[in-house]
Amino acid sequence: TGMFTFDPGFMSTASCSSSITYIDGDKGELLYRGYPIEQLAVKCDFLEVCHLIMKGDLPDEKEKADFDHLVTHHTMVNEQLQTFLKGFRRDAHPMAVLTGLVGALSAFYHDSLDITKKEHRDISSIRLIAKMPTLIAMAYKYSVGQPFIYPQNNLSYTANFLRMMFGNPCEEYVVNEVVERALDRIFILHAEHEQNASTSTVRLCGSSGTNPFAAIAAGVACLWGPAHGGANEAALQMLEELLAQGGVDKLPEFVAKVKDKSSGVKLMGFGHRVYKNYDPRAKLMQETCREVLEALGLQDDPLFKLAMALEKVALEDEYFVSRKLYPNVDFYSGIVQRAIGIPTSLFTAIFALARTVGWVAQWNEMISDPDYKIGRPRQLYTGETARDVADLNAR
Ligand code: CMC
(Lines give C-alpha, C1' and ligand atoms only; values in the text may rest on other atoms or scores of the structure.)
Protein backbone atom coordinates (compact mmCIF):
# COMPACT_ATOMS: atom_id res chain seq x y z
CA THR A 1 0.00 0.00 0.00
CA GLY A 2 1.11 3.55 -0.61
CA MET A 3 3.67 4.75 -3.12
CA PHE A 4 7.34 4.28 -2.52
CA THR A 5 10.40 3.26 -4.50
CA PHE A 6 12.40 0.09 -3.93
CA ASP A 7 16.09 0.90 -3.57
CA PRO A 8 18.03 -1.70 -1.55
CA GLY A 9 21.45 -0.42 -0.53
CA PHE A 10 20.34 3.15 -1.25
CA MET A 11 21.88 2.98 -4.72
CA SER A 12 19.86 5.96 -5.93
CA THR A 13 18.19 7.49 -2.88
CA ALA A 14 19.28 10.74 -1.20
CA SER A 15 18.31 10.33 2.45
CA CYS A 16 18.78 13.96 3.45
CA SER A 17 20.09 17.31 2.31
CA SER A 18 23.39 18.46 3.77
CA SER A 19 25.76 21.40 3.42
CA ILE A 20 28.83 19.71 4.90
CA THR A 21 30.60 17.55 2.31
CA TYR A 22 30.58 17.45 -1.47
CA ILE A 23 31.84 14.45 -3.46
CA ASP A 24 32.11 14.20 -7.23
CA GLY A 25 32.71 10.49 -7.59
CA ASP A 26 33.45 10.57 -11.31
CA LYS A 27 36.10 13.26 -10.97
CA GLY A 28 37.46 11.97 -7.68
CA GLU A 29 36.77 15.26 -5.93
CA LEU A 30 36.14 15.75 -2.21
CA LEU A 31 35.30 19.08 -0.53
CA TYR A 32 34.65 19.76 3.14
CA ARG A 33 32.43 22.88 3.31
CA GLY A 34 33.70 23.81 -0.15
CA TYR A 35 37.43 23.40 0.57
CA PRO A 36 39.34 20.75 -1.43
CA ILE A 37 40.71 17.92 0.70
CA GLU A 38 44.12 18.36 -0.98
CA GLN A 39 44.45 21.87 0.46
CA LEU A 40 43.06 21.06 3.87
CA ALA A 41 45.45 18.13 4.22
CA VAL A 42 48.54 20.32 3.80
CA LYS A 43 47.43 23.67 5.20
CA CYS A 44 45.43 22.79 8.29
CA ASP A 45 45.67 20.69 11.40
CA PHE A 46 42.94 18.29 12.44
CA LEU A 47 41.25 20.57 14.96
CA GLU A 48 41.02 23.35 12.36
CA VAL A 49 39.28 20.85 10.09
CA CYS A 50 36.99 19.85 12.97
CA HIS A 51 36.08 23.52 13.44
CA LEU A 52 35.39 23.79 9.72
CA ILE A 53 33.21 20.69 9.60
CA MET A 54 31.24 21.55 12.74
CA LYS A 55 30.87 25.29 12.39
CA GLY A 56 30.94 25.78 8.63
CA ASP A 57 34.22 27.64 8.24
CA LEU A 58 37.89 27.56 9.13
CA PRO A 59 38.76 29.32 12.39
CA ASP A 60 40.76 32.54 12.51
CA GLU A 61 43.65 32.64 15.00
CA LYS A 62 41.52 33.61 17.99
CA GLU A 63 38.80 31.07 17.12
CA LYS A 64 41.44 28.41 16.68
CA ALA A 65 42.98 29.12 20.09
CA ASP A 66 39.53 29.02 21.73
CA PHE A 67 38.49 25.83 19.95
CA ASP A 68 41.78 24.05 20.72
CA HIS A 69 41.42 25.08 24.36
CA LEU A 70 37.83 23.86 24.52
CA VAL A 71 38.65 20.44 23.06
CA THR A 72 41.84 19.87 25.03
CA HIS A 73 40.01 20.72 28.26
CA HIS A 74 37.47 17.95 27.78
CA THR A 75 39.88 15.11 27.15
CA MET A 76 39.61 13.51 30.59
CA VAL A 77 37.07 10.77 31.20
CA ASN A 78 35.36 9.88 34.46
CA GLU A 79 37.52 7.49 36.52
CA GLN A 80 34.53 5.16 36.83
CA LEU A 81 34.89 4.39 33.16
CA GLN A 82 38.08 2.48 33.98
CA THR A 83 36.05 0.04 36.06
CA PHE A 84 33.74 -0.48 33.12
CA LEU A 85 36.69 -1.00 30.77
CA LYS A 86 38.22 -3.56 33.11
CA GLY A 87 35.13 -5.71 32.71
CA PHE A 88 36.28 -6.54 29.18
CA ARG A 89 38.65 -9.35 28.36
CA ARG A 90 42.12 -8.03 27.59
CA ASP A 91 42.05 -9.69 24.19
CA ALA A 92 38.76 -8.03 23.21
CA HIS A 93 38.73 -6.37 19.80
CA PRO A 94 39.20 -2.61 20.35
CA MET A 95 36.06 -1.87 18.32
CA ALA A 96 34.02 -4.04 20.68
CA VAL A 97 35.42 -2.06 23.59
CA LEU A 98 34.93 1.28 21.86
CA THR A 99 31.29 0.58 20.99
CA GLY A 100 30.68 -0.06 24.68
CA LEU A 101 32.69 2.86 26.03
CA VAL A 102 31.14 5.46 23.71
CA GLY A 103 27.64 4.27 24.56
CA ALA A 104 28.57 4.31 28.25
CA LEU A 105 29.43 8.01 28.11
CA SER A 106 25.71 8.80 28.06
CA ALA A 107 25.54 7.39 31.57
CA PHE A 108 27.93 10.10 32.76
CA TYR A 109 26.54 13.20 31.04
CA HIS A 110 22.87 13.53 31.84
CA ASP A 111 22.63 16.82 29.97
CA SER A 112 23.14 14.80 26.77
CA LEU A 113 19.73 13.19 27.28
CA ASP A 114 17.92 16.46 26.61
CA ILE A 115 18.90 17.24 23.05
CA THR A 116 16.34 20.01 22.62
CA LYS A 117 18.85 22.54 24.03
CA LYS A 118 21.60 23.67 21.68
CA GLU A 119 24.10 24.10 24.52
CA HIS A 120 23.60 20.44 25.45
CA ARG A 121 24.18 19.34 21.87
CA ASP A 122 27.27 21.53 21.60
CA ILE A 123 28.93 20.29 24.76
CA SER A 124 28.16 16.64 23.94
CA SER A 125 29.74 17.15 20.52
CA ILE A 126 32.92 18.60 22.01
CA ARG A 127 33.05 15.84 24.62
CA LEU A 128 32.85 13.17 21.94
CA ILE A 129 35.65 14.66 19.85
CA ALA A 130 37.79 15.33 22.92
CA LYS A 131 37.33 11.98 24.65
CA MET A 132 37.59 9.60 21.73
CA PRO A 133 41.43 9.55 21.75
CA THR A 134 41.43 9.00 25.51
CA LEU A 135 39.03 6.06 25.24
CA ILE A 136 41.01 4.43 22.44
CA ALA A 137 44.34 4.88 24.22
CA MET A 138 42.78 3.45 27.41
CA ALA A 139 41.53 0.42 25.49
CA TYR A 140 44.99 -0.08 23.99
CA LYS A 141 46.86 0.31 27.29
CA TYR A 142 44.46 -2.13 28.92
CA SER A 143 45.04 -4.68 26.14
CA VAL A 144 48.82 -4.58 26.67
CA GLY A 145 48.63 -4.44 30.45
CA GLN A 146 50.17 -0.99 30.83
CA PRO A 147 48.94 1.86 33.05
CA PHE A 148 46.63 4.45 31.53
CA ILE A 149 48.33 7.72 30.64
CA TYR A 150 46.26 10.80 31.37
CA PRO A 151 45.84 13.44 28.67
CA GLN A 152 48.09 16.48 28.79
CA ASN A 153 46.57 19.79 27.79
CA ASN A 154 49.66 21.55 26.49
CA LEU A 155 50.06 19.04 23.66
CA SER A 156 48.27 19.14 20.32
CA TYR A 157 45.28 16.85 19.87
CA THR A 158 47.33 14.35 17.90
CA ALA A 159 50.53 14.56 19.99
CA ASN A 160 48.42 14.00 23.07
CA PHE A 161 46.91 10.87 21.55
CA LEU A 162 50.37 9.55 20.62
CA ARG A 163 51.60 10.14 24.16
CA MET A 164 48.56 8.43 25.71
CA MET A 165 49.17 5.49 23.35
CA PHE A 166 52.92 5.09 23.53
CA GLY A 167 54.04 6.98 26.64
CA ASN A 168 54.66 5.33 29.98
CA PRO A 169 55.17 6.68 33.49
CA CYS A 170 58.89 5.79 33.54
CA GLU A 171 60.17 8.25 30.99
CA GLU A 172 59.27 11.41 29.18
CA TYR A 173 57.55 10.80 25.85
CA VAL A 174 59.12 12.71 22.98
CA VAL A 175 56.74 13.34 20.09
CA ASN A 176 58.17 12.61 16.65
CA GLU A 177 56.88 15.46 14.52
CA VAL A 178 56.79 13.46 11.28
CA VAL A 179 54.70 10.82 12.99
CA GLU A 180 52.45 13.47 14.55
CA ARG A 181 51.91 15.16 11.19
CA ALA A 182 51.20 11.84 9.44
CA LEU A 183 48.63 10.78 12.02
CA ASP A 184 47.06 14.22 11.95
CA ARG A 185 46.70 13.86 8.19
CA ILE A 186 45.10 10.43 8.58
CA PHE A 187 42.57 12.11 10.90
CA ILE A 188 41.88 14.90 8.37
CA LEU A 189 41.39 12.45 5.50
CA HIS A 190 38.91 10.37 7.51
CA ALA A 191 37.07 13.23 9.19
CA GLU A 192 33.92 13.33 7.10
CA HIS A 193 32.45 11.66 4.02
CA GLU A 194 28.76 12.58 3.69
CA GLN A 195 26.16 9.80 3.85
CA ASN A 196 28.35 6.66 4.15
CA ALA A 197 26.97 3.68 6.06
CA SER A 198 28.11 4.73 9.55
CA THR A 199 27.03 8.35 9.12
CA SER A 200 23.66 7.23 7.80
CA THR A 201 23.48 4.96 10.85
CA VAL A 202 24.17 7.89 13.16
CA ARG A 203 21.46 9.93 11.43
CA LEU A 204 18.93 7.11 11.51
CA CYS A 205 19.68 6.25 15.11
CA GLY A 206 19.67 9.93 16.10
CA SER A 207 16.43 10.57 14.25
CA SER A 208 14.53 8.87 17.06
CA GLY A 209 15.72 11.64 19.38
CA THR A 210 18.15 9.44 21.27
CA ASN A 211 21.20 11.04 22.87
CA PRO A 212 24.35 11.71 20.80
CA PHE A 213 26.54 9.20 22.66
CA ALA A 214 24.09 6.43 21.81
CA ALA A 215 23.86 7.59 18.18
CA ILE A 216 27.65 7.78 17.76
CA ALA A 217 28.05 4.35 19.41
CA ALA A 218 25.79 3.03 16.65
CA GLY A 219 28.08 4.70 14.11
CA VAL A 220 31.12 3.03 15.68
CA ALA A 221 29.39 -0.33 15.46
CA CYS A 222 28.59 0.16 11.78
CA LEU A 223 32.07 1.37 10.93
CA TRP A 224 33.55 -1.86 12.28
CA GLY A 225 32.43 -3.95 9.26
CA PRO A 226 35.02 -4.92 6.62
CA ALA A 227 33.04 -3.29 3.78
CA HIS A 228 33.42 0.04 5.63
CA GLY A 229 36.01 1.13 8.22
CA GLY A 230 37.15 -2.42 8.89
CA ALA A 231 38.68 -2.42 5.41
CA ASN A 232 41.91 -0.80 6.62
CA GLU A 233 42.58 -3.70 8.97
CA ALA A 234 41.51 -6.21 6.32
CA ALA A 235 43.69 -4.55 3.65
CA LEU A 236 46.80 -4.78 5.78
CA GLN A 237 46.09 -8.41 6.69
CA MET A 238 45.66 -9.13 2.99
CA LEU A 239 49.02 -7.53 2.16
CA GLU A 240 50.77 -9.34 5.00
CA GLU A 241 49.39 -12.70 3.89
CA LEU A 242 50.40 -12.01 0.31
CA LEU A 243 53.90 -11.09 1.44
CA ALA A 244 54.20 -14.24 3.54
CA GLN A 245 53.13 -16.32 0.55
CA GLY A 246 55.82 -14.88 -1.73
CA GLY A 247 54.95 -11.23 -2.36
CA VAL A 248 55.14 -9.78 -5.87
CA ASP A 249 55.57 -13.20 -7.48
CA LYS A 250 52.18 -14.23 -6.13
CA LEU A 251 50.34 -11.17 -7.46
CA PRO A 252 49.00 -12.69 -10.70
CA GLU A 253 47.65 -15.68 -8.81
CA PHE A 254 46.07 -13.45 -6.17
CA VAL A 255 44.48 -11.13 -8.71
CA ALA A 256 43.09 -14.12 -10.58
CA LYS A 257 41.51 -15.29 -7.31
CA VAL A 258 39.91 -11.88 -6.73
CA LYS A 259 38.48 -11.92 -10.26
CA ASP A 260 37.00 -15.37 -9.71
CA LYS A 261 33.78 -14.41 -7.88
CA SER A 262 33.35 -17.91 -6.47
CA SER A 263 36.52 -17.44 -4.35
CA GLY A 264 34.76 -14.80 -2.22
CA VAL A 265 38.06 -12.90 -2.09
CA LYS A 266 37.90 -9.13 -2.60
CA LEU A 267 40.72 -6.74 -3.11
CA MET A 268 40.43 -4.92 0.20
CA GLY A 269 41.03 -1.17 0.04
CA PHE A 270 39.70 -1.10 -3.53
CA GLY A 271 36.35 0.04 -4.85
CA HIS A 272 33.86 2.59 -3.62
CA ARG A 273 30.14 3.23 -3.94
CA VAL A 274 30.68 6.85 -4.92
CA TYR A 275 34.20 7.14 -6.35
CA LYS A 276 34.43 5.78 -9.87
CA ASN A 277 37.88 7.32 -10.16
CA TYR A 278 40.94 7.48 -7.91
CA ASP A 279 39.82 8.29 -4.34
CA PRO A 280 41.57 11.65 -3.67
CA ARG A 281 42.21 10.52 -0.10
CA ALA A 282 44.07 7.45 -1.35
CA LYS A 283 46.41 9.67 -3.35
CA LEU A 284 47.18 11.81 -0.31
CA MET A 285 47.56 8.70 1.80
CA GLN A 286 50.04 7.22 -0.64
CA GLU A 287 52.14 10.41 -0.46
CA THR A 288 51.98 10.41 3.33
CA CYS A 289 53.00 6.81 3.31
CA ARG A 290 56.11 7.58 1.27
CA GLU A 291 57.03 10.55 3.49
CA VAL A 292 56.63 8.67 6.74
CA LEU A 293 58.51 5.61 5.59
CA GLU A 294 61.40 7.77 4.39
CA ALA A 295 61.49 9.80 7.60
CA LEU A 296 61.54 6.61 9.66
CA GLY A 297 64.21 4.98 7.49
CA LEU A 298 61.74 2.40 6.19
CA GLN A 299 61.80 3.41 2.51
CA ASP A 300 62.32 -0.21 1.47
CA ASP A 301 59.26 -1.37 3.38
CA PRO A 302 58.21 -4.53 1.53
CA LEU A 303 54.51 -4.01 2.28
CA PHE A 304 54.50 -0.57 0.65
CA LYS A 305 56.29 -1.92 -2.38
CA LEU A 306 53.86 -4.79 -2.59
CA ALA A 307 50.87 -2.44 -2.25
CA MET A 308 52.15 -0.27 -5.10
CA ALA A 309 52.79 -3.29 -7.29
CA LEU A 310 49.32 -4.62 -6.53
CA GLU A 311 47.77 -1.26 -7.35
CA LYS A 312 49.62 -1.20 -10.68
CA VAL A 313 48.53 -4.70 -11.64
CA ALA A 314 44.91 -3.94 -10.72
CA LEU A 315 44.77 -0.62 -12.53
CA GLU A 316 45.97 -2.30 -15.72
CA ASP A 317 43.55 -5.20 -15.47
CA GLU A 318 40.32 -5.25 -17.46
CA TYR A 319 38.29 -6.51 -14.45
CA PHE A 320 39.14 -3.44 -12.35
CA VAL A 321 39.16 -0.99 -15.27
CA SER A 322 35.71 -1.96 -16.52
CA ARG A 323 34.23 -1.77 -13.02
CA LYS A 324 36.04 1.50 -12.25
CA LEU A 325 37.65 0.06 -9.14
CA TYR A 326 40.43 2.24 -7.73
CA PRO A 327 42.29 2.31 -4.42
CA ASN A 328 40.23 3.89 -1.64
CA VAL A 329 41.40 5.63 1.53
CA ASP A 330 41.96 2.33 3.31
CA PHE A 331 44.45 0.89 0.85
CA TYR A 332 47.48 2.81 2.15
CA SER A 333 46.34 4.01 5.58
CA GLY A 334 47.22 0.71 7.23
CA ILE A 335 50.80 0.87 6.02
CA VAL A 336 51.20 4.35 7.50
CA GLN A 337 49.65 3.30 10.77
CA ARG A 338 51.77 0.19 10.98
CA ALA A 339 54.92 2.26 10.36
CA ILE A 340 54.08 4.54 13.28
CA GLY A 341 53.53 1.62 15.62
CA ILE A 342 49.77 1.35 15.76
CA PRO A 343 48.71 -2.29 16.04
CA THR A 344 46.53 -3.58 13.19
CA SER A 345 43.56 -4.30 15.43
CA LEU A 346 43.40 -0.60 16.32
CA PHE A 347 43.20 0.75 12.76
CA THR A 348 39.42 0.92 12.62
CA ALA A 349 39.32 2.62 16.02
CA ILE A 350 41.61 5.33 14.59
CA PHE A 351 39.12 5.74 11.74
CA ALA A 352 36.33 6.06 14.33
CA LEU A 353 38.29 8.70 16.23
CA ALA A 354 38.69 10.76 13.06
CA ARG A 355 35.12 10.25 11.80
CA THR A 356 33.58 11.32 15.11
CA VAL A 357 33.57 14.96 14.02
CA GLY A 358 31.73 14.04 10.82
CA TRP A 359 29.16 11.99 12.71
CA VAL A 360 28.63 14.74 15.23
CA ALA A 361 28.32 17.46 12.58
CA GLN A 362 25.81 15.43 10.57
CA TRP A 363 23.82 14.63 13.70
CA ASN A 364 23.75 18.32 14.67
CA GLU A 365 22.74 19.33 11.15
CA MET A 366 19.83 16.93 11.30
CA ILE A 367 18.65 17.79 14.82
CA SER A 368 18.81 21.53 14.26
CA ASP A 369 16.56 21.25 11.22
CA PRO A 370 13.06 22.01 12.57
CA ASP A 371 11.53 19.75 9.89
CA TYR A 372 13.57 16.61 10.49
CA LYS A 373 11.65 13.37 10.70
CA ILE A 374 12.33 10.00 12.21
CA GLY A 375 13.99 7.77 9.60
CA ARG A 376 11.54 5.05 8.79
CA PRO A 377 12.11 3.17 5.51
CA ARG A 378 9.40 1.03 3.97
CA GLN A 379 9.77 -2.51 2.65
CA LEU A 380 8.50 -4.87 -0.02
CA TYR A 381 6.76 -7.63 1.92
CA THR A 382 7.53 -11.10 0.52
CA GLY A 383 6.13 -13.33 3.30
CA GLU A 384 2.94 -15.34 3.83
CA THR A 385 -0.47 -13.88 3.16
CA ALA A 386 -2.85 -13.69 6.16
CA ARG A 387 -3.59 -17.09 7.75
CA ASP A 388 -5.18 -18.43 10.95
CA VAL A 389 -3.30 -19.77 13.98
CA ALA A 390 -4.13 -23.44 14.52
CA ASP A 391 -4.31 -24.90 18.05
CA LEU A 392 -0.97 -26.33 19.23
CA ASN A 393 -2.07 -29.97 18.95
CA ALA A 394 -3.34 -29.39 15.40
CA ARG A 395 -0.14 -27.85 13.87
N1 CMC B 1 37.45 -6.45 -5.17
C2 CMC B 1 36.93 -7.16 -6.19
N3 CMC B 1 35.79 -6.84 -6.82
C4 CMC B 1 35.13 -5.75 -6.39
C5 CMC B 1 35.62 -4.97 -5.32
C6 CMC B 1 36.82 -5.35 -4.70
N7 CMC B 1 37.31 -4.64 -3.68
N8 CMC B 1 34.77 -3.94 -5.10
C9 CMC B 1 33.79 -4.08 -5.98
N10 CMC B 1 34.00 -5.17 -6.78
C11 CMC B 1 33.16 -5.63 -7.91
C12 CMC B 1 31.87 -6.26 -7.41
O13 CMC B 1 32.03 -7.63 -7.22
C14 CMC B 1 30.92 -5.91 -8.51
O15 CMC B 1 31.18 -6.76 -9.59
P16 CMC B 1 29.98 -7.19 -10.62
O17 CMC B 1 29.56 -5.92 -11.29
O18 CMC B 1 30.62 -8.18 -11.54
O19 CMC B 1 28.89 -7.78 -9.76
C20 CMC B 1 31.36 -4.51 -8.94
O21 CMC B 1 32.77 -4.45 -8.61
C22 CMC B 1 30.61 -3.39 -8.24
O23 CMC B 1 30.80 -3.53 -6.83
P24 CMC B 1 29.62 -3.50 -5.77
O25 CMC B 1 29.98 -4.43 -4.64
O26 CMC B 1 28.30 -3.67 -6.42
O27 CMC B 1 29.76 -1.98 -5.30
P28 CMC B 1 29.21 -1.35 -3.96
O29 CMC B 1 29.10 0.09 -4.21
O30 CMC B 1 28.00 -2.07 -3.48
O31 CMC B 1 30.36 -1.66 -2.87
C32 CMC B 1 32.36 -1.43 -1.60
C33 CMC B 1 31.37 -0.75 -2.55
C34 CMC B 1 33.32 -0.38 -1.06
C35 CMC B 1 31.59 -2.06 -0.42
C36 CMC B 1 33.14 -2.52 -2.37
O37 CMC B 1 33.88 -1.93 -3.41
C38 CMC B 1 34.06 -3.32 -1.47
O39 CMC B 1 33.61 -4.25 -0.80
N40 CMC B 1 35.39 -2.99 -1.41
C41 CMC B 1 36.31 -3.67 -0.54
C42 CMC B 1 36.17 -3.16 0.87
C43 CMC B 1 36.71 -1.76 1.06
O44 CMC B 1 37.82 -1.45 0.66
N45 CMC B 1 35.91 -0.90 1.73
C46 CMC B 1 36.33 0.45 2.05
C47 CMC B 1 35.49 1.49 1.39
S48 CMC B 1 36.26 3.12 1.49
C49 CMC B 1 36.38 3.53 3.15
C50 CMC B 1 35.08 3.69 3.82
O51 CMC B 1 34.38 4.68 3.55
O52 CMC B 1 34.77 2.87 4.66
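The values are calculated or read from the model by the stated rules, or taken from the named source; none is laboratory data. Treat the numbers as computed from the prediction; the structure is a model and nothing was measured. As a convention, Cβ positions derive from the backbone with ideal geometry for all residues, glycine included, and neighbour counts pool all protein chains shown. Accessible surface areas use protein heavy atoms only, side chains included; no ligands, DNA or RNA. Shrake-Rupley method; radii C 1.70, N 1.55, O 1.52, S 1.80 Å.
Summary of values
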item	result
Within region 254-264, considering residues that are near the ligand (Cβ under 8 Å from one of its atoms) and out of contact with any strand residue (DSSP E or B) (no Cβ under 9 Å at 6 or more places or on another chain), the one modelled with the highest pLDDT	LYS259
Residues that are touching a residue at least 40 places away in the same chain (Cβ under 8 Å), small (Gly, Ala, Ser) and part of a helix (DSSP H, G or I), drawn from region 187-206	SER198, SER200, GLY206
Hits in region 32-62 (condition: under 20 Å from the mean Cα position of the chain (by Cα) and open to solvent by less than 30 Å² (accessible area, probe 1.4 Å))	TYR32, ILE37, LEU40, ALA41, CYS44, PHE46, LEU47, VAL49, CYS50, HIS51, LEU52, ILE53
Per-region count, region 1-14, residues within 22 Å of TRP363 (Cα to Cα), open to solvent by less than 80 Å² (accessible area, probe 1.4 Å) and small (Gly, Ala, Ser)	1
Residues being hydrophobic (A, V, I, L, M, F, W, C), within 15 Å of PRO133 (Cα to Cα) and in contact with a Lys or Arg (Cβ under 9 Å, 6 or more places away or on another chain) - total across region 30-80	4
Yes/no for GLY209 being in contact (Cβ under 8 Å) with a residue 40 or more places away in the chain, away from the ligand (no atom under 16 Å from the Cβ) and not in a helix (DSSP H, G or I)	yes
Verdict on ALA191 being more than 10 Å from the ligand (Cβ to nearest atom) and within 15 Å of the chain's Cα centre (by Cα)	yes
Residue that is surrounded by the fewest Cβ atoms within 10 Å (Cβ to Cβ), among those in region 212-227 that are in a helix (DSSP H, G or I) and among the small types (Gly, Ala, Ser)	ALA214
Close pairs from region 280-309: first more than 23 Å from LEU267 (Cα to Cα) and open to solvent by less than 30 Å² (accessible area, probe 1.4 Å), partner among the charged types (D, E, K, R) and at pLDDT below 95, Cβ under 6 Å, at least 6 apart	LEU293/ASP301
Residue check for ALA197: open to solvent by less than 10 Å² (accessible area, probe 1.4 Å) and either touching a helix residue (DSSP H, G or I) at 6+ places or on another chain (Cβ under 9 Å) or farther than 19 Å from VAL42 by Cβ (or both)	no
First in region 11-22 and within 25 Å of ASP57 (Cβ to Cβ), second anywhere and open to solvent by 90 Å² or more (accessible area, probe 1.4 Å) and assigned to a loop (DSSP other than H, G, I, E, B), Cβ under 6 Å, 6 or more apart	none
Tally of residues being within 30 Å of the chain's Cα centre (by Cα), free of Cβ contacts under 8 Å to residues at least 40 places away in the same chain and open to solvent by 70 Å² or more (accessible area, probe 1.4 Å) across region 243-265	6
Inter-residue pairs, beta-carbon under 8 Å, first without any contact (Cβ under 8 Å) to a residue 12 or more places away in the chain and in region 317-331, second more than 6 Å from the ligand (Cβ to nearest atom) and aliphatic (A, V, I, L, M), 6+ apart	VAL321/LEU315
The listed residue being farther than 21 Å from ARG121 by Cα, in contact with a Lys or Arg (Cβ under 7 Å, 6 or more places away or on another chain), more than 16 Å from the ligand (Cβ to nearest atom) and in contact (Cβ under 8 Å) with a residue 24 or more places away in the chain, out of PHE148, PHE166, PHE161	PHE148
